[in-house]
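Take a look at the structure below.
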Amino acid sequence: MFLDEGAFGGPTMNNTQIQNGEKTVVIDLNNRFSAEVTPMVTFDFNSARLDGAAQAVLRQQANWIRQFPEIRFRVYGHTDLVGSDAYNKRLGQRRANAVVAYLERQGVDRARLEAVVSFGENQPLIATPDRERRNRRAVTEVSGFVNNSATLLNGKYAEIIVREYIESATELSPSAAAGLAAISAQGG
């Protein structure tokens, strides 16, 4: 006897909850983004230059972002507590702009990226008046959908899953393809 534990209707329930507003899809997508790639890069003191480690993280972000052309992203710039608030606001903005420019060079459509927010020194991760690299950061987050339509994914959930599935496929080697052809020819 088969017992349906509710997993079969999961995708349908997900779509229904999104359409009803019961589920905040932007939060879910942002949680997925943060779980699958590092959403934050850090900077040297008084700098908006992306070092090699930051560029590696941003290449991973760009790969993820390109898979979901329906989604928009916002980059938040931050600084540590050293310097004036006005200077740090400008520096945070330069950091956000640097991330957006790099993602664009990695093939992400600029129209899907926004770097207009700078928190400067207002939201430190580590509360210290000293230099702190973890506070000197830019954070990429899901901000919404192209055309600002929360129902953009309505009816397209399966398309995204199929697209991910197809893109994850690998090509068979010639010997494996020959083996499958032989099995198919035998009728089994």
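A short reminder: the numbers here are calculations on the coordinates, not readings from a lab. Predicted model only: the values in this text are computed from it and were never measured. Quick reminder, even Gly has a Cβ in these numbers, built from the backbone with ideal geometry, and neighbours come from all protein chains shown.
How much length would be gained if the chain were fully extended between Asn46 and Ala176, taking 0.36 nm per residue of separation minus their Cα-Cα distance, in nm to one decimal? Please report the intermediate quantities before stating the final value.
Values: separation 130, 0.36 × 130 = 46.80 nm, distance 5.51 nm.
Full extension from Asn46 to Ala176 adds 41.3 nm.
Taking the mean number of other Cβ atoms within 10 Å as a proxy for protection, how do you rank 93-100, 29-36 from highest to lowest? Walk me through the intermediate numbers first.
Values: 93-100: 23.0, 29-36: 14.8.
Listed from highest to lowest mean packing, they are 93-100, 29-36.
So between Val116 and Gln186, what do we pick up on full extension, going 0.36 nm a residue minus the alpha carbon distance?
Values: separation 70, 0.36 × 70 = 25.20 nm, distance 6.25 nm.
That works out to 19.0 nm of additional length.
Given the C-alpha centroids of region 29-89 and region 96-119, what is the distance between them in whole angstrom?
Region 29-89 and region 96-119 have Cα centres separated by 9 Å.
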